[in-house]
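Trainee: Take this structure first; my questions come after.
Taken together, the values in this text are just the output of simple stated rules run on the coordinates, not laboratory data. Being a predicted model, the structure only gives us computed values, none of them experimental. Cβ atoms come from the backbone with ideal geometry, glycine included; neighbour counts cover every protein chain shown.
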Amino acid sequence: MSEEKKPAAAPAAKPAKAAAPPDPRVVAATALADEIRASIEARHGAGAVEETGAAKTIPMIRIAPDKWRDVVTFLRDSEDHRYDYVELMAGTDYKDYIELVIYLYSMKRDAYITVKTRTPRDAASLPSLTPVFPGVNWEEREVYDLLGVHFEGHPDLRRIMMWDEWKGYPLRKDYSDFDNIPTRGGEPR
Amino acid sequence: MFSWQTQPLTGLNFIGMVIGAVVVLAILLLVVMYLIFFLRKVVAWMQNRIGPNRVGPWGLFQSMADVLKLLLKEDIVPAKADRALFLVAPIIAFVPAFTVLAVIPYTAGHIFTAGLNIGVLFYIALSSITILGIVLGGWASNNKYSLVGGLRSAAQMISYEIPLGMSVLGVVMLAGSLNLTTIVQQQATDRFGWYIIPQIIGFVVFMIAAVAELNQTPFDLPEAESELVAGYFTEYTGFRFAFYMLTEFVYLFAISALATTLFLGGWLGPWLPSWLWFAIKTSAVIFFMFWLRATMPRLRVDKLMGFAWKVLIPVALFNILLTGLLSLLV
Amino acid sequence: METLHSEEMILNIGPQHPSTHGVFRLVVTIDGEQIVAADPVVGYLHRGTEKLAESLQYTQIIPYTDRLDYVAAMLNNYALVHTVEYAMDLEIPERAEYLRVIVMELNRVASHLLFVGAYLLDLGAMSPFLYVFQEREMIVQLFNEICGARLTYNYMRVGGVKWDAPPGWLAKVRDFLPHMREKLKMYDALISGNEIFLSRVRGMGVITQEEAVAYSLSGINLRSTGLRFDLRKKRPYGIYDKFAFDVVVGQNGDCFDRYWCHFLEMEQSLNIVEQALESIPDGPVLGKVPKLIRIPAGEYYTSIEGARGELGVYIVSDGKDKPYRMKLRRPSFVNLQILSKLLIGQNMANMIAILGAVDIVLGEVDA
């Protein structure tokens, strides 16, 4: 039973081997994340970054949801960072909150970071990144479709995998298959 | 030389004409059926496949089985289609296809040929009517793919009819006649031999335009499968579908026969009987078309029109000019 | 400028249409034959792989990855097991790594061959499709011998591969390489110079470097614009740093470059296979892996250079034997987004040429 609570208790951002003597790669990654944090906070105020760390060996920065689009734009445009390529966008339901993570890559600097943000599960809403990166358009639609995160400012927020009448968000942990029993004439088929 | 036109219209002659027409029709139907078989075998051979080999010895009865199957299929008319036009369109496309065969001289004897004095014009004029059938079929289906296919087809066939007609003009000028029989006879005595030699430019233009007229690869845009599903006959089933297929293959045969007549000396040739020479030459032309079919990708719609108007027509006009000059000077 | 406007028509292409490569639907608004708007509709093949994976053990997920990009299943297998191995810091026996590279690169060749054939089929040439299938058949046959399946291989395991190469298999692959090279030359001679083909793909559907990066394109769609971005070189995974090969890049980012990159990449893949065959060591093919694979809690993302682009697997683990969340970064899905931008202003015939060159597999788009 105690295992059930683990995801909430152990935030996914923690380095993989926290107990062992710290991995030098993790230390380096965390240090880099702190550097970027300083750079972001110099621009967007102290509250913009909520947490730093490493996702395995990749620097990780967690950003306040209201600053999400501004900070990512800053990371894309600032000469020091130039993170101009989104490799991955994924949302995860952590039971207490929904976390959105993007992996950014810099074509120029050949550098690689993870940026994430959190939003409450009920009335999940985040600023859309589509105006910044057109390539996350469908990814955001997928997160909306499967996790129910509403993206403010998305040009075309519709379900993408499931059809419009689908009830619930399949990748949420409290999703039930029984919400969508096909019916024929009002009776379950 | 025997010709039906010089005969008085007696009862016996009339029966003779009817029998001739029926015989031609029957033979042609058989030929067309085996053209399909030939196509499938040739293309299969070029694509390292086997092709039909299950029905009958070497798959010889495959086409017959296909035709039978199509005959037995339900004739579906889409609910939203323009019913009358939908039903009549394949016939409009189909009838001229067989009619044009009346003027083709198959043998030196001409018993099967209406030796019309305007044979070339007759062919070109009648074959244009088929376009109507195709456009109507595409329009009456009430299907967007069919409509686009039908319109493409109309645009393409009208565009390519002009270079086709012009390329024939050179031959007509050399032969001094529009009668296909006379044209063949002239080739026997012409100092350059068959007209493919003095009219090589005309022949090339004719072949390109002919392939386009037939909606064959690389000009098969009206039935571009990857774009338009099946083109103008998407909605057709059963025997009406067979009509369109048949039209296509009859024209394939007819235009190859016309090319043979105009450029390759028709039935002329040593040793072998005249009908065999005709068959050999026509088969060679047909084979060439199938060869193209297995080799080429498809042209793009805008390039297609540009090619007809900017390349083929000027070349055909130049050919007419050249022919005129040559016949004056030489 | 005043122009005459005819009435616009909405044409619904797919989900059942011969050249949408599966169940892909495209709603285009056309004015005459010119496209004024295009709206791709996907999801017809959505099987919820990510959701299913949450209730499966890691080894059990491998067959599901086969069904994503079903023409390059070896690469999908690898993307998953690679992430799990990365998360667990597993040591892989060397022979297994070599076998993986050999099958992956052969699979890349098979996948690219299929692209070349299917693309030409889209453009109306039927023969190339049947020609390339002969060589693809040989590769598929080789796969059949090594893993017992022709399409959905389920060959890789966490920590290695399931089966060692049967006796004589490596020699067969060695014999296949010169044959394949010769055939590639032949196809090149037959197709790449064809005037009709060139006139349809040159300068068509041009993607600029900035667009490609902004749209997160990957694989050949990105490289055709001239960016030298190949994960096998950028972040060498497995043993890819041991092989000498070139990253193929295009110049103009048009459909022809995309086609041509596929062609050249096949040759590079054959080079890699050849080098791998020369130096493949003996030894075990499956490392020491716990019976029940558990990933330490945390999140992990690795990506490999798939046949269609960056193929990544993102796993969130809570320390159990099943992923808490698995997200697949599917290159086809991401690459397809640019389609509606590329199509505007084109005519219907170009639509097919552009869609074909983006090179999607619907199993991957819809996951």
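Trainee: Between C:268, C:90, C:149, whose Cα lies farthest towards the positive end of the dipole of chain C when Lys and Arg beta carbons carry +1 and Asp and Glu beta carbons carry -1, centred on the Cα centre?
Mentor: Checking the options against the dipole of chain C, the answer is C:90.
Trainee: What percent of all Cα-Cα pairs in segment A:23-169 falls in each 5 Å bin, counting up from 0?
Mentor: That works out to 2, 10, 19, 23, 20, 14, 8, 3, 2, 0, in percent per bin.
Trainee: Taking each residue in A:112-118, count the Cβ atoms of any other chain within 10 Å of its Cβ, then average. What number comes out?
Mentor: Across the residues of A:112-118, the mean count of other-chain Cβ atoms within 10 Å is 1.
Trainee: Tell me, what is the percent relative contact order of chain B, built from C-alpha pairs under 8 Å that lie six or more residues apart?
Mentor: 23 percent
Trainee: Mind giving me the nanometre distance, one decimal, between the label points for residue C:37 and residue C:57, set 7 Å out from Cα along Cα→Cβ?
Mentor: The answer from the label model is 5.2 nm.
Trainee: Considering only DSSP beta bridges where both residues belong to segment A:60-151, give the percentage that are antiparallel (nearest 5).
Mentor: Antiparallel: roughly 75 percent of the beta bridges in segment A:60-151.
Trainee: Summing -39500 (n - 2.57) over the DSSP H runs of n ≥ 4 in chain A and dividing by its residue number, what mean residue ellipticity at 222 nm do you reach, to the nearest 500 deg cm²/dmol?
Mentor: The per-residue figure over chain A is -7500 deg cm²/dmol.
Trainee: I would also like to ask the following. Skipping prolines and chain starts, which residues have an amide H placed within reach, meaning under 5 Å, of the one on residue C:228, given they are 5 or more residues away or on another chain?
Mentor: none
Trainee: Let me ask you something else. Over the whole of C:308-315, what's the average partner chain Cβ count within 10 Å per residue? Rounded to a whole number, please.
Mentor: 2
Trainee: To continue, here is another question. Where Lys and Arg each count +1 and Asp and Glu each count -1, what net charge lies around residue C:80 among other residues with Cβ under 11 Å from its Cβ?
Mentor: -1
Trainee: Could you quote the convex hull projected area for the protein assembly as shown, Cα atoms only and averaged over all directions, in nm²?
Mentor: If you wrap the Cα atoms of the protein assembly as shown in a convex hull and average its projections, you get 46.9 nm².
Trainee: Step through the table entries A:116/A:173; B:69/C:183; B:73/B:303, compare each Cα-Cα distance with 30 Å, and write down the pairs that go over it.
Mentor: B:69/C:183; B:73/B:303
Trainee: When Rg is the radius of gyration of the Cα atoms in segment B:1-72 and Rh is its Kirkwood radius, what does Rg/Rh come to?
Mentor: Taking Rh as the inverse mean 1/r over Cα pairs, Rg/Rh reads 1.24.
Trainee: How would you rank C:86-97, B:308-319, highest first, on the average number of other Cβ atoms within 10 Å across their residues?
Mentor: Packing order, densest peptide first, comes out as C:86-97, B:308-319.
Trainee: Another question, if that's okay. Of the beta bridges DSSP finds with both residues in the protein assembly as shown, what % are antiparallel, to the nearest 5?
Mentor: 90 percent
Trainee: Would you work out which of B:202, B:122, B:105 lies farthest towards the positive end of the dipole of chain B? Charges go on Cβ: Lys and Arg +1, Asp and Glu -1.
Mentor: Final value for the positive-end residue is B:202.
Trainee: Suppose every K and R has +1 on its Cβ and every D and E has -1 on its Cβ; what is the size of the dipole of chain B about the Cα centre, in Debye to the nearest 20?
Mentor: 440 debye
Trainee: Considering only the other residues whose Cβ falls under 15 Å of the Cβ of residue B:261, what net charge follows from Lys and Arg at +1 and Asp and Glu at -1?
Mentor: Once all neighbours under 15 Å are counted, the net charge is 0.
Trainee: Give the calculated FRET efficiency between residue C:292 and residue C:149 to the nearest 0.05, with a Förster radius of 22 Å applied to their Cβ-Cβ distance.
Mentor: 0.30
Trainee: Projecting each Cα onto the charge dipole of the protein assembly as shown (Lys/Arg +1, Asp/Glu -1 at the beta carbon, about the Cα centre), which of C:42, C:76, B:279 comes out farthest on the positive side?
Mentor: Looking along the dipole axis, the top candidate is B:279.
Trainee: FRET efficiency for residue A:51 and residue C:175, Cβ-Cβ distance as r, R0 = 51 Å, nearest 0.05?
Mentor: 0.35
Trainee: Turning to a different aspect of this structure: Report the net charge of residues surrounding residue B:167, where surrounding means a beta-carbon distance below 14 angstrom and charges are Lys +1, Arg +1, Asp -1, Glu -1.
Mentor: That works out to -2.
Trainee: Enumerate the whole-percent occupancy of each 20 Å bin, from 0 to the last occupied one, for all C-alpha pair distances of chain B.
Mentor: The percentages, shortest bin first, are 30, 59, 12, 0.
Trainee: In addition: Could you work out the mean count of beta carbons from other protein chains within 10 Å of each residue's beta carbon in C:16-27?
Mentor: 2
Trainee: Average projected area of the Cα convex hull of chain C, in nm²?
Mentor: 18.6 nm²
Trainee: List the relative contact order of chain C as a percent without decimals, with contacts defined as Cα pairs under 8 Å and 6+ residues apart.
Mentor: Computed over chain C, the figure is 26 percent.
Trainee: State the extension gain, in nm to one decimal, for the chain segment bounded by residue B:200 and residue B:311, taking 0.36 nm per residue of separation less the distance between their alpha-carbons. Intermediate values should be presented prior to the final figure.
Mentor: Details: separation 111, 0.36 × 111 = 39.96 nm, distance 1.60 nm.
Computed gain between residue B:200 and residue B:311 is 38.4 nm.
Trainee: I'd like the orientation of helix A:68-77 relative to chain A: the angle between its Cα long axis and the longest Cα principal axis, in ° from 0 to 90, rounded to 10.
Mentor: Helix A:68-77 sits at roughly 50 degrees to that axis.
Trainee: Could you compute the FRET efficiency for residue A:156 and residue B:23, with r as their C-beta to C-beta distance and R0 at 51 Å, rounded to 0.05?
Mentor: Between residue A:156 and residue B:23 the formula returns 0.15.
Trainee: Just flag the trypsin sites (Lys or Arg not before Pro) in segment C:199-291 sitting in loop per DSSP whose Cβ has no more than 16 other Cβ atoms within 10 Å.
Mentor: Counting only loop positions with at most 16 other Cβ atoms within 10 Å, the trypsin sites (Lys or Arg not before Pro) in segment C:199-291 are C:202, C:228, C:288, C:291.
Trainee: Okay, moving on. Specify the angular offset, from 0 to 90 degrees and rounded to the nearest 10, of the alpha carbon long axis of helix C:94-122 from the longest principal axis of the alpha carbons in chain C.
Mentor: Value to nearest ten degrees: 20.
Trainee: Let me ask something else. Run the reach check for residue C:185 against lysines, Cα to Cα strictly under 23 Å, same-chain hits fewer than 8 apart removed. What comes back?
Mentor: Excluding near neighbours in sequence, the set is C:172.
Trainee: Let me ask something additional. Could you tell me how many degrees, from 0 to 90 and to the nearest 10, lie between the Cα long axis of helix C:255-279 and the main elongation axis, the longest principal axis, of the Cα atoms of chain C?
Mentor: 10 degrees
Trainee: Additional query: At a temperature of 25 °C and a viscosity of 0.890 mPa s, determine how fast segment C:218-277 diffuses translationally according to Stokes-Einstein, using the Kirkwood radius over alpha-carbon pairs as Rh; express D in µm²/s, rounded to the nearest whole number. Before the final figure, lay out the partial values.
Mentor: On the way: Rh = 11.8 Å.
This corresponds to a translational diffusion coefficient of 208 µm²/s.
Trainee: Among the complete DSSP H segments of chain B, which ones combine at least 27 Å of alpha-carbon extent along their axis with a mean Kyte-Doolittle hydropathy of 1.6 or more? Working shown, then result.
Mentor: Values: long enough: B:11-46 (51 Å, 2.29); B:119-140 (32 Å, 1.90); B:144-175 (46 Å, 0.98); B:238-263 (37 Å, 1.38); B:274-295 (32 Å, 1.15).
Helices meeting the span and hydropathy rule in chain B are B:11-46, B:119-140.
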